[in-house]
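**Q** Below you'll find the structure I mean.
The values are calculated or read from the model by the stated rules, or taken from the named source; none is laboratory data. On a predicted model such as this, the values are computed, not experimentally measured, just so you know. Cβ: placed from backbone, ideal geometry, glycine included. Neighbour counts: every protein chain shown.
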Amino acid sequence: MKNVIGLLAFSVVFGAFAESAVSQVLVNQRWPWNEKVDVDFVLSGETSDVEVTATWDAHPAPCRLGSLFDCAPGQRRFTWDPASSPFAGQTLTGFTVAVSNASAAAHNYIVVDLVNGGYEFLADAPAGGWAAEHKSSKMVFRRIPAGTYTQGEEKGTFELLGLSDSSSNTYAERWNRRTVTFTSDFYVGVFKYTEAQHECLSTGTPGSSFKPKKISYDSLRGNLDVADWPSKGYKVGSNSIVAKLRAKAGGALLVDLCEEEQWEVAARAGTTTILPNGITTADNYDVFTNKLNEISAWYGTVGTEEAAVGLFATNNWGFCDVVGLVGEWTLDAAAKQGGNSSLPRFGLGNSTDPTGSDQSAYGSAYRVFRTASANWKNPSLQNILPCSRQMADPTSEYSCSTRFCIHLKPLGTLSVGGE
């Protein structure tokens, strides 16, 4: 059934971001050949986020049609497809569009409602901290700005942890020091995916357990025959957890797992130290473990892997539990090294907007996970560092959760199944 937009009109709302402005808004419905609505406008000044909302006779409260993130100045277009919205088939009389601009700082956080759907922007975390609902009926993402970041570790890091000279060399090659550059912002989940959030997405009713949900890569994204990344872009299985999360977030947000480099950027939070809260090769093992106790559930700490998320100090950007507790799946495939299927590919170079590798190039469906289970102990503490890169079969549910990412500039079409 076609949507008919009646009495089409527009208005312009100037945001609080003084360095940019929206003007020359023009709204047209593609009719009769297509019911999509094109909203053309001019953004002047600085790059900013643009939100498009609308009201109509049967829906007088502003309804967010979508957002354009990191929108560059110039002539721009936003297209809304009512047929793909809850208002499919309706005649929307008295239809009025409002376009507003906002700085990235106004959108530091996105909070997705896992029960009712939709999302809201926050400039700052709540004064009293994130509540129980943010680990059960909602999901919080923090914005990470475009830029160049340091990844990996040098040999001295592994010597500090007590590894032999040869082992230190091996890990320094496998998880080598390098830089990664992202040319657009992205959002990463503040918490690991919890059992309570999983129950909410699966049943519609939030659970009460804030422990990380151990889950397979296949359950998160669907079988690799359908959802292989990056060869099939961001396509996921129609009944996957990511598909359910996208349905709650709405079509304006492309939610998926983190690329492994995105994960490490979030974990390090702009630091170049061994742990996000400090430690350099000038320190010693005891100082390292004392610092680790501040931010992580790991072997020897109370609760170890049975601990809930958010109990330890955050990193500089407010991300919780970025080391230890449980491993976290990323999008990326892993390569076999010299026939050893327990090691992911290594020796990555400096990169810009990396997309990982296609698993078929290596004959392995194994996927990379970052950090590790809380049961790692000396001499294996290297496996819970932000630089740690390991791999597992995508069907494994033994020790990995994840934290989701909102990709603001997708590589492929957002869709489900084999579309």
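**Q** Would you mention how many residues in region 39-89 are polar (S, T, N, Q) and under 17 Å from Asn28 (Cα atoms)?
**A** Kept after step one, since they are polar (S, T, N, Q), are these residues of region 39-89: 44, 47-48, 53, 55, 67, 75, 79, 84-85.
Applying the additional criterion that residues be under 17 Å from Asn28 (Cα atoms) yields 53, 55, 75, 79.
Selection size over region 39-89: 4.
**Q** On to the next question. Would you call Val112 under 20 Å from the mean Cα position of the chain (by Cα) and of a type in the set (A, V, I, L, M)?
**A** On the way: under 20 Å from the mean Cα position of the chain (by Cα): yes; of a type in the set (A, V, I, L, M): yes.
Spelling it out, Val112 is indeed under 20 Å from the mean Cα position of the chain (by Cα) and of a type in the set (A, V, I, L, M).
**Q** Sort through Ser84, Ser11 and tell me the only one that's modelled with pLDDT under 85, among the hydroxyl-bearing types (Ser, Thr, Tyr), loosely packed, with under 15 Cβ neighbours inside 10 Å and more than 28 Å from the chain's Cα centre (by Cα).
**A** Details: Ser84 fails: more than 28 Å from the chain's Cα centre (by Cα).
Just one listed residue meets the conditions, Ser11.
**Q** Also: Out of Asp70, Asp38, Asp81, Asp49, I need the residue that is at positive phi, outside the structural domain of Ala252 (by TED's automatic domain parsing) and touching a residue at least 40 places away in the same chain (Cβ under 8 Å). Which one? Spell out the reasoning first.
**A** Numbers: Asp38 fails: at positive phi; Asp81 fails: at positive phi; Asp49 fails: at positive phi.
None of the other options fit; the residue is Asp70.
**Q** From the list Thr203, Thr170, pick out the single residue that is more than 20 Å from Arg403 (Cβ to Cβ), out of contact with any Asp or Glu (no Cβ under 9 Å at 6 or more places or on another chain) and at pLDDT 95 or above. Write out each step before concluding.
**A** Details: Thr170 fails: at pLDDT 95 or above.
Just one listed residue meets the conditions, Thr203.
**Q** Run Ile215 past the list (1) in contact with a strand residue (DSSP E or B) (Cβ under 8 Å, 6 or more places away or on another chain); (2) at pLDDT 95 or above; (3) under 30 Å from Asp49 (Cβ atoms) and report the number of the one that doesn't hold.
**A** (3)
**Q** Here are Asp256, Asp332, Asp286: which of them is at pLDDT below 95, part of a strand (DSSP E or B), among the charged types (D, E, K, R) and assigned by TED's automatic domain parsing to the domain that holds Trp175? Explain how you work it out, then say what you get.
**A** Details: Asp256 fails: at pLDDT below 95; Asp286 fails: part of a strand (DSSP E or B).
From the options Asp256, Asp332, Asp286, the qualifying one is Asp332.
**Q** Going through Thr91, Thr96 one at a time, which residue ends up being of a type in the set (S, T, N, Q) and modelled with pLDDT of 90 or more? Spell out the reasoning first.
**A** On the way: Thr91 fails: modelled with pLDDT of 90 or more.
The unique qualifying residue is Thr96.
**Q** While we're on this one: Would you point out which residue out of Leu343, Leu381 is modelled with pLDDT under 70, closer than 30 Å to Val287 by Cα and surrounded by 15 or more Cβ atoms within 10 Å (Cβ to Cβ)? Walk me through how you get there before you give the answer.
**A** Working: Leu381 fails: modelled with pLDDT under 70.
Just a single option satisfies the conditions, and that option is Leu343.
**Q** Further, regarding this structure: For region 231-253, how many residues are within 11 Å of the chain's Cα centre (by Cα) and surrounded by fewer than 21 Cβ atoms within 10 Å (Cβ to Cβ)?
**A** Qualifying residue count, region 231-253: 0.
**Q** While we're looking at this one, here's another question. Which residues, taken from region 290-306, are modelled with pLDDT under 85 and surrounded by fewer than 21 Cβ atoms within 10 Å (Cβ to Cβ)? Show your work before the answer.
**A** Initially, region 290-306 is screened for residues modelled with pLDDT under 85, giving 297-306.
Result: Tyr299, Gly300, Thr301, Val302, Gly303, Thr304, Glu305, Glu306.
**Q** State whether one or more residues within region 185-194 are over 25 Å from Thr79 (Cβ atoms) and acidic (Asp, Glu). Reasoning before the result, please.
**A** Initial filter on region 185-194 (over 25 Å from Thr79 (Cβ atoms)): 188-194.
In the following step, the residues that additionally are acidic (Asp, Glu) were identified as none.
Checking region 185-194: not a single residue is over 25 Å from Thr79 (Cβ atoms) and acidic (Asp, Glu).
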